[in-house]
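As structure tokens, the structure follows; a few thoughts come after it.
The values are calculated or read from the model by the stated rules, or taken from the named source; none is laboratory data. Here the structure is a predicted model, which means the values were calculated and not measured. Note that each Cβ is placed from the backbone with ideal geometry, even for glycine, and that neighbours are counted across all protein chains shown. Each accessible area value is taken on the protein alone, full model and side chains, heavy atoms only, with ligands, DNA and RNA left out. Shrake-Rupley method; radii C 1.70, N 1.55, O 1.52, S 1.80 Å.
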Amino acid sequence: ARLVETEITEFILCLEKLVVESATAVSQLAADQQKQIKHLQRHINLLYITRYSGRHDKLSVEEKRALILELLEKHYSGLPLGTSLNETEFQYSDPYANIAAHLHLDLYNSTGDKHYLLEALTICNAVLKTSEKNYLARLLILKIQAVLGGIEVCTSVYTELEIKYLQAESLSYLNERPVLTLGNPKAFQLAVKNCEVLHRSNRRDTSEWTETAYKNGNFEKVLEMVRFKNRLSNSHYKKSIDLGSLLYSWIDGFSNPKLTELKNHLPSFESWYDVVKDMKSETYEDMRDFNIIDDYTPINRQLNDKDIKDTFSAEVSCTYY
């Protein structure tokens with residue numbers, strides 16, 4: 001059962017007391033780096049719980065801005081603790097910057113002021129200077145730039161993320177949707193390439209895995225592989241890329257003077273319409289992953305099953321109607 005408001009408040013107050021006690025103990029052992037890291041992680045967990053409980057939603061604009069400055073200060077002061085980390089690891093204090101960036105997004109959603117989006121971008125870019133492999137910062141940049149219409153940046157960041165295999169399906173909504181909407185040929189060609197690689201691998205690998213599972217007598221795995229292959233083959237992402245590729249070739253054929261001979265062999269618009277009509281009648285799979293970006297959004301603001309279903313229906317309608 002969920003805690004009531006008074007119980008949540010009492011719980012957070014208890015945690016705050018423990019964190020304060022931890023800070024006092026650490027101040028007496030300033031040279032002990034491991035204890036400093038442990039205290040920082042305690043405070044970050046308290047921050048996560050505070051945000052998830054909805055406390056940040058009750059703050060005013062001024063209070064949120066003040067909290068952002070406090071979090072950024074903690075982020076920068078915690079960077080020396082991670083000087084010995086490998087380049088593939090996140091800095092211990094990165095979560096402070098992550099929450100600060102999401103607070104900027106909260107301010108944008110409540111005020112509509114795009115200045116807050118630019119502030120969030122600044123934070124994310126600063127994080128990447130000390131945590132080059134921080135994929136959360138890159139994903140957030142991708143999300144914000146898509147809102148701002150920075151498709152070239154989206155393409156660059158998407159490439160830097162080294163999206164592979166099923167991730168191309170689950171994360172495509174962050175990049176391919178604005179690419180298809182705004183009509184950037186270079187970015188779209190990258191999307192087509194990623195999609196082709198994924199589905200070519202799917203056809204090859206799932207057949208091999210299914211055969212191996214069958215030889216080993218693991219028939220449950222056989223059924224699982226077949227269901228996965230069918231689901232991926234019917235993904236909306238794949239179909240939207242196929243449709244976009246058709247339309248791009250049709251437009252390019254009629255607009256490129258070097259393709260005069262090809263124009264005579266291009267199908268008519270009516271035949272393209274028939275293709276789209278056939279696609280509209282198909283059933284599609286929703287492969288999007290909405291939990292990849294850690295922002296600890298309060299449960300009352302998280303997407304529920306109905307929200308996800310409605311947004312998917314809107315995506316399908318926008319693509320084929």
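Details
- Note that segment 229-240 has calculated 3J(HN,Hα) couplings of 4, 5, 5, 5, 5, 9, 5, 5, 4, 4, 5, 5 Hz, one per residue in order, obtained from phi through the Karplus relation 6.51 cos²θ - 1.76 cosθ + 1.60 (θ = phi - 60°); glycine and proline are x.
- Taking 0.36 nm per residue of separation and subtracting the current Cα-Cα distance, fully stretching the chain between ASP294 and ILE37 would add 90.5 nm.
- Our analysis of segment 25-176 gives Rg over Rh at 1.00, with the two radii drawn from alpha carbon positions and Rh computed by the Kirkwood formula.
- Förster radius 25 Å - calculated FRET efficiency between TYR76 and HIS115 (Cβ-Cβ, nearest 0.05): 0.70
- Entry note: segment 54-104 has Rg to Rh equal to 1.08, where both radii use alpha-carbon atoms and Rh is the Kirkwood radius.
- Cβ-placed point charges (K, R +1; D, E -1), dipole of segment 30-111 about Cα centre in debye, nearest 20: 280
- Carbon plus sulfur fraction of accessible area for segment 1-150, probe 1.4 Å, in percent: 55
- Listed cross-link partners LYS35/LYS129; LYS193/LYS229; LYS64/LYS143; LYS193/LYS238; LYS64/LYS114; LYS143/LYS193 are compared with a 23 Å cut-off, the Cα-Cα value being larger for LYS35/LYS129.
- Protection proxy ranking, peptides 49-58, 151-160, 204-213, average beta carbon neighbours within 10 Å, highest first: 151-160, 49-58, 204-213
- Applying 0.36 nm per residue to the separation of GLU160 and ASP205 and subtracting their alpha-carbon distance, the gain on full extension is 13.7 nm.
- With every protein chain in place and a 1.4 angstrom probe, the accessible-area ranking of TYR135, TYR284, largest first, reads TYR135, TYR284.
- For segment 34-174, a simple Cβ point-charge model (Lys and Arg +1, Asp and Glu -1, everything else neutral) yields a dipole of about 440 debye relative to the Cα centre.
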